[in-house]
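The values are calculated or read from the model by the stated rules, or taken from the named source; none is laboratory data. The structure displayed is predicted, hence computed values, not measured ones. Heads up, the Cβs are rebuilt from the backbone with ideal geometry, glycines too, and the neighbour counts pull from every protein chain shown.
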Amino acid sequence: MNMRAPLNLVEHNLREIRVDNARMLFHVPTSALFALDALTGSLIDRLRAARATGQAAETLIAQLLAEPGSTDPAEDIEAALRELLLLEIVSDGGTLSDDVPSRRVDQLALSTIVLNVNTGCNLNCAYCYKEDLDKPSAGKKMSKETAINAIELLLAESPQETRYNVVFFGGEPLSHPQLIRDVVDYCEPRFGELGKTVDFSLTTNGTLLTDTLTDWLDTHRFGLSISMDGPEAIHDRNRVTIGGHGSYATVRAKAERLLSRYRSRPVGARVTLTHGTTEVERIWDHLFNDLGFAEVGFAPVTAGDIRAFDLAPAELAEVFAGFKRLGQRYLAAAQEGRNIGFSNLHQLLTKLHEGHKASLPCGAGMKMLAVDHAGDLNLCHRFTGSSLPAFGNVRAGVAHAALGEFLARRLEREGTGCATCSIRNLCSGGCYHESYARYGDPTHPVYHYCELMRDWVDFGIETYARIMTRNPAFIDLYLSPRRLH
């Protein structure tokens, strides 16, 4: 430690949270959470005061020893400063580490392939972002050959992986059930002979579920998510049939039947929030308590050019306020050892518990690619049919150079608000498709969420700290590894 060099607090590497009478420090570079002891807190306060007043930090720190009744010997102060320097919360003028050590992606860790099995859908949801969506009669279905080529590409790209996930998407994926059966019949022995594990996931509007199909999905342990927007009046605003009729009654009946007999994995509900719909608590209560979904996750609409469905700024603020109110209920339940299935908070707490640090916002392009009906490789399922060029296809392989160039643009944080943001390694600029829909550029940071997201992460840190203090068994039971039950 260079004690002669001027000491400075590196504000963008820390975030302080108050939990009751305790000071908690969120270490931004590692996403680690610490309880501040009195000495370390005092040093941080003095360094902050030095910057504000223009005084030398060393002078203010020296005053610690001169204070009447001080019990902190010089070696304790030096040890605390050394730790702060090691964490790069304090700088003595040396070069700070880069959060993004590499601006190039040379190796994929592909573990998930999304198969868009049919562009056709039997619903006509007003806010749907899918640019390749068709009516049922015009749906373009993926061939078995294309699907198998996609599976083999997954294995060839990342032979080092031990666990893979095959996701079925659409349109409405259950409108092409034979392909789903064919893919499962191919995958189970294929991955088995390699000593690897394969999981299957599917997102559906629920209308085409039958008992026979439900039991088959259960046998093969599908992770299921049902798209449902809440009580009837809310759901039927936008989720309508091709003929324009509300779909709630059908979806509810199918969902209740599914939930009564599905045993292999918890079933979640996926909610899309649109202009005029901000009732987070009411929606969660209906889906979790009335219908019995294990998990409820919320996503603001991403509607591309259909701006009428976008949440207004005041509505978006109310959504996050609703998240925090529901989060308080989550916290109260967690202290009693119960998980109420609020997946937005559950996922954030899991990231905090695992010390999540990401240079990119999600696995799209790195761990996941989406295959459209023709076999082209897209960044994720949201981009099939969009103007964003594909990154290869299942026959010719991944266009590594183009994909690497795209990811490099998002990895470059200089000149953006992300470079010194306190949640830069949790948000990493936000959803690619949200940026594409709002700014026309999928590498553009999602600035309209920034303040709301920072406040939400602060709330998550505080909630995590309270759970750790009051009922740490909840963490072990539900977050390590992430579990619902």
Check: With the range 33-88 as the region, which helices (runs of 4 or more DSSP H) entirely inside it contain at least 2 residues that are modelled with pLDDT of 90 or more?
Finding: 38-53, 74-86
Checklist line | Residue list for the range 280-297, restricted to those being within 21 Å of the chain's Cα centre (by Cα) and part of a loop (DSSP other than H, G, I, E, B) | finding: Phe293, Ala294
Item checked: Matching residues in the range 109-139 - criterion: being without any contact (Cβ under 8 Å) to a residue 60 or more places away in the chain and in contact with a helix residue (DSSP H, G or I) (Cβ under 8 Å, 6 or more places away or on another chain) -> Gly120, Gly139
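Matching residues to (1) of a type in the set (Lys, Arg); (2) buried (at least 16 other Cβ atoms within 10 Å of the Cβ); (3) in the same structural domain as Leu14 (by TED's automatic domain parsing):
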{"site": "Ala52", "(1), (2), (3)": "no, no, yes"}
{"site": "Ala66", "(1), (2), (3)": "no, no, yes"}
{"site": "Ala80", "(1), (2), (3)": "no, yes, yes"}
{"site": "Asp98", "(1), (2), (3)": "no, no, no"}
{"site": "Leu123", "(1), (2), (3)": "no, yes, no"}
{"site": "Glu131", "(1), (2), (3)": "no, no, no"}
{"site": "Ser143", "(1), (2), (3)": "no, no, no"}
Notebook entry, point to check: Does any residue of the range 443-463 turn out to be β-branched (Val, Ile, Thr), out of contact with any helix residue (DSSP H, G or I) (no Cβ under 9 Å at 6 or more places or on another chain) and not assigned by TED's automatic domain parsing to the domain that holds Phe168?
Noted result: no
Note to self: Condition first: under 26 Å from the mean Cα position of the chain (by Cα) and under 13 Å from Leu123 (Cβ atoms). Now tell me which residues in the range 220-250 satisfy that.
What the structure shows: Ile226, Ser227, Met228, Asp229, His235, Asn238, Arg239
Notebook entry, point to check: Where in the range 193-263 are there helices (runs of 4 or more DSSP H), lying wholly inside it, with at least 3 residues that are at pLDDT 95 or above and polar (S, T, N, Q)?
Noted result: 211-219
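Considering each of Gln178, Gln160 in turn, give the residue that is surrounded by fewer than 21 Cβ atoms within 10 Å (Cβ to Cβ) and part of a helix (DSSP H, G or I).
Among Gln178, Gln160, only Gln178 is surrounded by fewer than 21 Cβ atoms within 10 Å (Cβ to Cβ) and part of a helix (DSSP H, G or I).
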Item checked: Criterion: under 20 Å from Ala374 (Cα atoms), in a helix (DSSP H, G or I) and in the same structural domain as Tyr248 (by TED's automatic domain parsing) - qualifying residue of Val167, Val184 -> Val184
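For residues in the range 237-250 being in contact with a strand residue (DSSP E or B) (Cβ under 7 Å, 6 or more places away or on another chain) and buried (at least 17 other Cβ atoms within 10 Å of the Cβ), which is farthest from Leu133 (Cα to Cα)?
Going through the range 237-250, the residues in contact with a strand residue (DSSP E or B) (Cβ under 7 Å, 6 or more places away or on another chain) turn out to be 239-241, 246-247.
Right, trim to buried (at least 17 other Cβ atoms within 10 Å of the Cβ) and you get 239-240, 247.
On the way: Arg239: 14, Val240: 15, Ser247: 18 Å.
The extreme case among them is Ser247.
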Check: Looking at (1) crowded, with 20+ Cβ neighbours inside 10 Å; (2) over 21 Å from the mean Cα position of the chain (by Cα); (3) at pLDDT below 90, can you tell me which one Arg413 breaks?
Finding: (2)
Notebook entry, point to check: With (1) under 21 Å from Val184 (Cβ atoms); (2) surrounded by fewer than 21 Cβ atoms within 10 Å (Cβ to Cβ); (3) under 21 Å from the mean Cα position of the chain (by Cα) as the list, and Val114 as the residue in question, which single condition is left unmet?
Noted result: (2)
Next item on the list: Only one of these is within 30 Å of Thr146 (Cβ to Cβ), touching a residue at least 60 places away in the same chain (Cβ under 8 Å), among the acidic types (Asp, Glu) and touching a helix residue (DSSP H, G or I) at 6+ places or on another chain (Cβ under 8 Å): Asp92, Asp106. Name it.
Entry: Asp106
